[in-house]
Amino acid sequence: SVEIYTTIISPEADLFVESMQEFQDCTGITINWNGSQEFEAQISVRVEGGTAPDLAIFPQPGLLAKFAGNGLVPAPAKVADSVDANYTADWKNYGTGPDGVFYAPPLGASVKSFVWYSPKTFADNGWSIPTTWAELLALSDEVAAGGDIQPWCAGFGSGDATGWVGTDWMEDLMLRFSDAATYDAWVSHDIAFNDPKVQTVIDEAAKILKNPDYVGDVASIATTTFQEGGAGIVDGTCAMHRQASFIGGILAADYGATIVNPEDTDVEGGITTFYFPGVSADQTPALGGGEFVGAFSDRPEVQAVQHYLTTPDWNNKKAALGGWFSANLGLDTANVADPVNKVAVEILQNATTFRFDASDLMPAAVGSGSFWKEMTAWVAENKSSKAVLDAVEASWPAN
């Protein structure tokens, strides 16, 4: 019997349980799936109280790192070898603790490096999908010159979390205009937040987000909710919207969109995605997130479950049930029905670099504080890029 403790609850959890049924029948191992929305708080209580679960699915690397050397058991060689074979090195790094020990293999994934658009709108206007940043700006100019459709729509509004959309733009562009090492140094504050390399990135973001020819009233971005931000691609009033894979479900539920394939150019309200391009066509970094499976026991049956979750066999079974994907290199896109998730898998499998959302990894005072606030002021008040970066730098905790 193996307990898996997680944030994933029903109905999503039901598909996880179903995906493990054949494994349970084959091995005789009973998996007890324990989903809780109180996971982040309760995992510490359980570990400190001596009732740690066998396996825990951590929703971000930062929380996982808290238990490295503090209850987590190093991943056995068989799990490490499977991760080496089935994932890119970046994913293994995120499951490795600050002590350099590999603890937790990846599970599911999410991708943020998307531009949403309407294939019908693009086809009707003869627009081509850009494959470089320069081509993306050139397309934006072409759309703007037409006069009938706004090139971009965006919204930073999200209640107390207003501004996070702006940080995502910065993160994606940081991966494109700097290398992975610079991104990591930015996250860890080994380079200052107002470093010239960061200044370059916010200046590139400004070419779109602070250009009224592209976005209309720049200040209104701050008061437009992130849900409303993409509505224009559904009704045809704007051409492009940069947002993570999850926005498709929101636009379908709230604005009548239909998720389609790029070839479906005759569907009114049909939307899909293309990859948010790099500086060159062969530069394919990906920004996103994912979960990691850490073990608090080294019993053979626990190791067997942890290993099985790294295999192409399980990943294909789980994906085929719908609504889920991973970065496993053995995942066949034929088993991923949703066309956007299919593209996400292709992005992950071909990514030259994968990095987690930087603001989620930075100290909370910055990542979910000054960074959000200053990106909002950047559009709402036309605050200068330099002033924004200087303000975030000044807010970085001393310790």
Which residues qualify? For SER36, with a placed amide H closer than 5 Å and at least 5 residues away or on another chain, they are THR6, THR7, ILE8
Of every hundred units of 1.4 Å-probe accessible area on region 1-67, the number belonging to carbon and sulfur atoms, as a percent, is 49 percent
Largest-first ranking of ILE271, ILE149 by accessible area, probe 1.4 Å, whole protein assembly kept, is ILE149, ILE271
Rounded to the nearest 10 degrees, the helix 385-395 long axis (Cα) sits at an angle to the longest Cα principal axis of the chain of 30 degrees
Nearest 10, in degrees from 0 to 90: the angle of helix 196-209 to the longest Cα principal axis of the chain is 60 degrees
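Grab the beta carbon distance between ALA398 and LEU63, set R0 = 22 Å, and tell me the FRET efficiency rounded to 0.05. Present the calculation step by step, with values, prior to reporting the outcome.
Numbers: r = 23 Å, r/R0 = 1.05.
Calculated transfer efficiency: 0.40.
Work out the length of the dipole vector of region 183-333 about its Cα centre, built from +1 on the beta-carbon of each Lys and Arg and -1 on the beta-carbon of each Asp and Glu, and round it to the nearest 20 debye.
On the way: 7 positive and 20 negative charges, 61 e Å.
For this selection, approximately 300 debye.
Could you work out the local net charge near GLY62, counting Lys and Arg as +1, Asp and Glu as -1, over the other residues with Cβ closer than 12 Å to its Cβ? Numbers along the way, then the final one.
Details: positive: LYS66; negative: GLU40, ASP357, ASP360.
Neighbour charge sum, excluding GLY62 itself: -2.
By average Cβ neighbour count within 10 Å, what is the ranking of 385-392, 110-117 from highest down?
Per-residue mean Cβ counts within 10 Å order the peptides as 110-117, 385-392.
Pulled fully out, how much extra length does the chain show between ARG46 and HIS189, if you take 0.36 nm times their separation in residues and subtract their Cα-Cα distance?
Working: separation 143, 0.36 × 143 = 51.48 nm, distance 3.22 nm.
Gain in length upon complete extension: 48.3 nm.
Taking a threshold of 26 Å on the Cα-Cα distance, which of the pairs LYS92/LYS317; LYS120/LYS317; LYS210/LYS342; LYS207/LYS342; LYS92/LYS210; LYS92/LYS112 fall above it? Could the numbers behind the result be given before it?
On the way: LYS92/LYS317 22 Å; LYS120/LYS317 33 Å; LYS210/LYS342 32 Å; LYS207/LYS342 30 Å; LYS92/LYS210 37 Å; LYS92/LYS112 20 Å.
Long pairs (Cα-Cα over 26 Å): LYS120/LYS317; LYS210/LYS342; LYS207/LYS342; LYS92/LYS210.
Per residue, how large is the accessible surface of region 249-292? Use a 1.4 angstrom probe and give square angstrom. Before the final figure, lay out each step's value.
Working: 1790 Å² over 44 residues.
Solvent-accessible surface per residue comes out at 41 Å².
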Each label sits 7 Å from Cα toward the beta-carbon; between ALA77 and ASP254 the label points are separated, in nm, by 5.2 nm
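Considering only protein heavy atoms and a probe of 1.4 Å, how much of the accessible area of region 229-296 is carbon and sulfur, as a whole percent? Show your work: numbers first, answer last.
Numbers: 1120 of 2230 Å².
It is 50 percent, rounded to a whole number.
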Ranking GLY269, GLY71, VAL17 by how far each Cα lies towards the positive end of the charge dipole of the chain (+1 on Lys and Arg Cβ, -1 on Asp and Glu Cβ), the top one is GLY71
By the mean-Cβ-within-10 Å protection proxy, highest first, 357-368, 250-261, 168-179 rank as 168-179, 357-368, 250-261
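Given a 1.4 angstrom probe, I'd like the percentage of the accessible area of region 125-213 that is carbon and sulfur, rounded to a whole number.
Working: 1610 of 3350 Å².
Percent of accessible area from carbon and sulfur atoms in region 125-213: 48.
The values are calculated or read from the model by the stated rules, or taken from the named source; none is laboratory data. Keep in mind that what you see is a predicted model, and the values were worked out from it rather than measured. Every residue, glycine among them, receives a Cβ derived from its backbone with ideal geometry; neighbour counts consider all protein chains shown. With ligands, DNA and RNA removed, areas are computed over all heavy atoms of the protein, side chains included. Shrake-Rupley method; radii C 1.70, N 1.55, O 1.52, S 1.80 Å.
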